[in-house]
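First up is the structure itself, then whatever we jot down about it.
The values are calculated or read from the model by the stated rules, or taken from the named source; none is laboratory data. This structure is a prediction, so every number in the text was calculated from the model and none was measured. All Cβ positions, glycine included, derive from the backbone under ideal geometry; neighbour counts span all protein chains shown. For the accessible areas, the whole protein counts, side chains as well, though only heavy atoms, and no ligand, DNA or RNA atoms are used. Shrake-Rupley method; radii C 1.70, N 1.55, O 1.52, S 1.80 Å.
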Amino acid sequence: MEGGLDSFRKQLDEKEKKNKVIKMEEIDDIEREENSFSSIESDTESGVFDFDYDELILLIPVVVPIISKMIGRFEYRLREVLLEAKKFMLHSKRLTLNPEDINSALKMKNFEQMYGYNKWTPNVWKSTSLNQTNLYYLEDQELELDDIINKPLPVIPLDVMYTAHYLAIDGVQPAYLQNPTNLEIQQMKAEINLLTSKSNNETENKNKIDALKKNSNIPPSNEKTLVKQVLGRELTLYFEKITEAILPHTARSGSSTPLSSSQSKLMSETEYREHALKSLLMDPGLQPLVPYFTEFITETVTNNLKNLDVLTSMLKMIMRLFGNPNLFIESQIHQLIPAILTCSISKKLSSTPNEDHWTLRRTAATLLRLIVEKYSNSYPSLQPRLTKTLTRALLDRSKGRGSIYGAIFGLVSMGEQVLRIMVLPNVKFVSEYLLNTENEVEDEVEKQFLTFESEKCLEALLLSILNIVKHDLISKYFPNLENEGPTIPKVNFKQNLKKEEKLDIFKSFKTEFGFEITKRLFTKLDLADDYNTILDQLGDDDDDDKGEDSKQQNTDDLMKE
């Protein structure tokens, strides 16, 4: 019995000890809570918290689940940023995550980026020996807080930006910094020509390219493959057939017959050429061929300056290209205008003087008029530059009469205002040069040709100023008829003008245009019958003019023969 009581007492003692320990732990917890609440109460007294102690106890069961939910959301956002950073790391072909990946992910999620971390900070490895083996570890550098504070702030890095620029506008490359310059383009073309040449001597080609790069001021660029754009098979075949059809058979390289046997059975060479020109005028799918046609025209005109048939075909080709409503030719004007001017004011456009190169020059002037009417608004300097070139050809005595003829019709195509400013003041100068054919050559045959060419030029000069002269006479002597319409009214100058008025007109024409142009103008104005009468009224002062009149009559008789 005593043994059982002892064991029972021991159990009671152990329970009492456990209860005391539990009570002590509860007392410690209570003291901690009291300390925390006392700090809260002190904050409350200082104004930090505005709730009472009882209210705080009531908020504890509410705040705990909120904090747990916030921790879960924070963990979700952290995982999201890390996954996006991992994507940046994998796309960068790296296996190590760095601060730049984190910043890129934060920026993509529209979060504030990290500061003070730089991926370019080099890793310093230190070596040590442990158990006779080399062990490497990263050095954990200690930084002084004063050094960090006093260190100047780095330059703010520029953000990545995208800029757009035009490679070409309507086929014309604008002058941007990102686009190659004209010198670089010429160098690339030269390299393409050298690389695509038929020469098998690769060493020689390489030396030429190196010499070209050395002579230019362009720094050597990285090696790159230059691919020349080629046309499709159908367009290439079309281009070959069109150029073969438009060129006369005498101008085709390697061809002595007009057409092949199969083509000659179907149509003649003239019909074949007309069908090709009609195709250029109507076909809507020729835009990729426009640069190739332009290059073909310029090269053909340059190499066939004395072949009248070839030059005529080239002008017809240009006219069809401009007449095609489906083509955009504006970007090729700067290459086509020199070819047209060549056909207008070149000194010689035929192998013999007997060929009709006058029609070719008039056709070129018509083309210039079409270009000015269509593109003068887009290019304001186009008409002044053409006028300047044509005026130089008109006043240049070193050029032949054919150039003067083409320049006159070219200036006529520029409009009435150009005629008044550029042609009217120079009529006397040009006519004196055209009439002075005796001292140029000694051969009678050549002199006859010069006289014939001078007559063609004088006739063109007269036609260029005739309408202006009529308009000025009507506005001066018949002001009531001036505003009846846009066209020049028909007036019988012979019946409606008085003798004194005719005499004044003769004197003003003679002073402004010279004797020969005055005589021809009177003939065109139906005043030829009054010509001798006016000369008699002028008296002996015009004996020299009569001598010139008889000399011109002899020239007219010679031309008739």
Revision key, fill the gap. In nanometres, the difference between 0.36 nm per residue of separation and the alpha-carbon distance of GLN448 and ASP526 is 25.2 nm
Point to revise | Cα gyration tensor shape for region 232-417, rounded if a/c is under 1.5, else prolate or oblate | key: oblate
Review point. Between LEU370 and GLU512, what FRET efficiency comes out of the Förster formula 1/(1 + (r/R0)^6) with R0 = 45 Å and r the beta carbon distance, rounded to 0.05?
Key: 0.90
Review point. Near LEU305, within a Cβ-to-Cβ distance under 15 Å, what is the net charge of the other residues, with Lys and Arg +1 and Asp and Glu -1?
Key: +2
Revision key, fill the gap. In this structure, among LYS456/LYS490; LYS347/LYS510; LYS428/LYS507; LYS347/LYS388; LYS306/LYS447; LYS348/LYS428, pairs with alpha-carbon gaps over 20 Å are LYS456/LYS490; LYS347/LYS510; LYS306/LYS447; LYS348/LYS428
Exercise for review: Quote to one decimal, in nm, the extra length available between GLU416 and TYR76 on full extension: 0.36 nm per residue of separation minus the C-alpha distance between them.
Suggested key: 114.2 nm
Exercise for review: Subtract the Cα-Cα distance of LYS494 and ASN354 from 0.36 nm times their separation in residues, and report this length gain in nm to one decimal.
Suggested key: 46.5 nm
Exercise for review: Using label points projected 7 Å from each Cα along Cα→Cβ, tell me how many nm separate GLU234 and ASN150, to one decimal.
Suggested key: 8.0 nm
Point to revise | Net +/- balance of residues flanking GLN141 in space, Cβ distance below 14 Å, scoring K and R +1, D and E -1 | key: -4
**Study point:** Spacing of the two label points (7 Å from each Cα toward its C-beta) at ARG392 and PHE478, in nm
**Key:** 4.2 nm
**Study point:** Label point distance in nm, SER129-TYR166, each placed 7 Å from Cα along Cα→Cβ
**Key:** 7.4 nm
Review point. How big is the accessible area of VAL62 in square angstrom, nearest 10, if you roll a 1.4 angstrom probe over the protein chains?
Key: 80 Å²
Exercise for review: Determine, from the Cβ-Cβ distance of ALA175 and GLU142 and an R0 of 56 Å, the FRET efficiency 1/(1 + (r/R0)^6), rounded to the nearest 0.05.
Suggested key: 0.50
Review point. Near LEU463, within a Cβ-to-Cβ distance under 13 Å, what is the net charge of the other residues, with Lys and Arg +1 and Asp and Glu -1?
Key: +3
